[in-house]
1. May I ask you to compute the full-extension gain from residue 44 to residue 119, defined as 0.36 nm times their residue separation minus their alpha-carbon distance, rounded to one decimal in nm?
2. Between the range 320-366 and the range 279-319, what is the separation of their alpha carbon centroids in Å?
3. Taking only Cα atoms of the chain, what ratio of Rg to Rh do you get with Rh as the Kirkwood inverse-distance radius?
4. What shape does the range 333-481 have by the C-alpha gyration tensor, where a ≥ b ≥ c are the square roots of the eigenvalues, rounded means a/c under 1.5, and otherwise prolate means a/b greater than b/c and oblate the rest?
5. In whole Å, what is the distance between the alpha-carbon centres of the range 227-273 and the range 463-488?
6. Hey, for a label at residue 293 modelled as a point 7 Å past Cα toward Cβ, could you say which residues of the range 321-347 have their backbone N under 20 Å away?
7. How long is the gain from residue 336 to residue 306 if the chain were fully straight, where each residue apart is worth 0.36 nm and the alpha carbon distance is subtracted?
8. Assuming 1.306 mPa s and 10 °C, estimate D for the range 144-324 with Stokes-Einstein, Rh taken as the Kirkwood radius over Cα pairs, in µm²/s.
């Protein structure tokens with residue numbers, strides 16, 4: 001058991017490393033170790049896990065449960081080696097990895113335990129139960145309940161419960177980026193459970209199982225894994241190519257299926273998209289070839305208005321189903337952008353025309369000692385949206401499939417095309433703007449269907465106002481950088 005003091009565990013949530021949380025009740029054995037010797041070792045109260053090595057490489061793990069009464073039939077031949085019964089599904093993590101990110105990964109992928117390494121040396125085990133020891137209010141139990149829910153009504157109640165957990169976490173930690181990770185895990189779990197219930201519903205209606213492999217995709221903030229507590233739907237379906245004679249019938253099945261999922265999400269507190277960016281839209285429920293045709297149109301023929309509306313598509317990720325369909329579409333997109341190299345230039349011009357942070361307006365530029373308070377502004381349209389759009393543009397330019405804004409930022413930095421100073425400033429700006437959005441949304445009436453993202457600087461303290469101005473300056477600088485980076489590369493060499 002983990003015997004760390006409760007106060008110490010609480011502090012680990014966002015600041016600790018997974019090596020601080022790992023159980024050290026492990027012993028390393030060779031893959032040729034006999035079951036008799038393994039049973040003897042695990043009978044000791046100080047050893048809970050045996051890590052099995054082949055040479056110096058961890059290849060499996062045994063626990064006391066392997067020798068429990070229920071497993072006696074499997075281990076009756078004690079002369080056999082541990083390789084005959086060990087669990088080979090072993091995932092490792094370095095001790096320097098953050099506790100929060102590690103446990104979030106375990107929760108997302110439903111992993112029971114991880115082997116903690118110090119470089120190449122196993123030093124301990126971290127389990128899902130440790131999530132609760134770090135902070136009892138984290139949504140481990142809610143995720144488990146969501147995965148086992150038998151109805152939309154049950155899921156909707158859990159969604160309401162999750163909001164309180166998220167709010168309590170925000171109040172205690174005020175770590176906006178980590179909070180969006182929690183929201184993504186909760187929302188993905190809800191979405192996946194509704195998908196499975198929808199498949200069962202289609203069978204009950206006599207419509208059978210899915211007629212083709214498919215991927216349910218999230219776009220917009222869902223695709224970027226940047227949903228706040230108040231978010232609407234942006235989704236679609238990509239299904240594999242089928243014979244022409246079967247296409248209409250296949251599409252009809254998926255449209256009916258999409259209606260069940262979309263309505264279920266709506267009942268669970270994810271409003272319908274007013275722009276109809278949903279899988280119930282026939283244009284967004286289509287085969288992979290039809291999706292390629294849609295992207296070809298956007299790249300080659302879309303006007304400014306269409307391009308602005310379509311930019312949300314470039315955040316697509318697989319939420320449920322076949323990841324390969326999503327990867328195929330990304331590969332196609334990058335391939336076509338290379339051929340039509342003026343597309344990104346048009347997209348960048350569209351970016352700057354769509355929205356700029358208000359920081360260059362005179363009331364925002366007046367020095368603080370004049371005590372001039374800037375006017376209210378839309379933090380989504382003039383803050384997060386231009387930041388996300390600039391990073392999206394740079395990600396497309398660098399052929400990065402990742403859709404999370406911060407992971408895109410990290411990948412751009414690793415490509416060597418952005419200064420670390422700018423990247424660090426963007427990270428700080430992103431976190432601060434998100435904090436303001438969370439505070440705004442949590443204080444609004446939860447029954448309001450249309451969100452007002454207006455922030456009044458008069459309601460901020462002097463430090464918050466300075467941070468806001470710094471964040472908006474960074475976003476403005478980021479937009480300029482993205483425009484310059486893309487437009488210079490999109491001009492053919494012969495024209496330079």
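1. Numbers: separation 75, 0.36 × 75 = 27.00 nm, distance 2.72 nm.
Gain on stretching residue 44 to residue 119: 24.3 nm.
2. Using only Cα atoms to place each centre, the spacing works out to 13 Å.
3. On the way: Rg = 25.6 Å, Rh = 25.4 Å.
My calculation of the ratio gives 1.01.
4. Numbers: a/c = 1.99, a/b = 1.66, b/c = 1.20.
Since a/c reaches 1.5 and a/b is larger than b/c, the shape of the range 333-481 is classed as prolate.
5. Between the Cα centres of the range 227-273 and the range 463-488 lies a distance of 36 Å.
6. 325-326, 328-337
7. Values: separation 30, 0.36 × 30 = 10.80 nm, distance 1.80 nm.
Gain in length upon complete extension: 9.0 nm.
8. Working: Rh = 17.2 Å.
It diffuses with D of about 92 µm²/s by this estimate.
Each reported figure results from applying straightforward, stated rules to the coordinates on display, with no laboratory input. It should be emphasised that the depicted structure is a prediction, and the values quoted were computed from it without experimental measurement. No Cβ is skipped: glycine too gets one built from the backbone with ideal geometry, and neighbour counts run over all protein chains shown.
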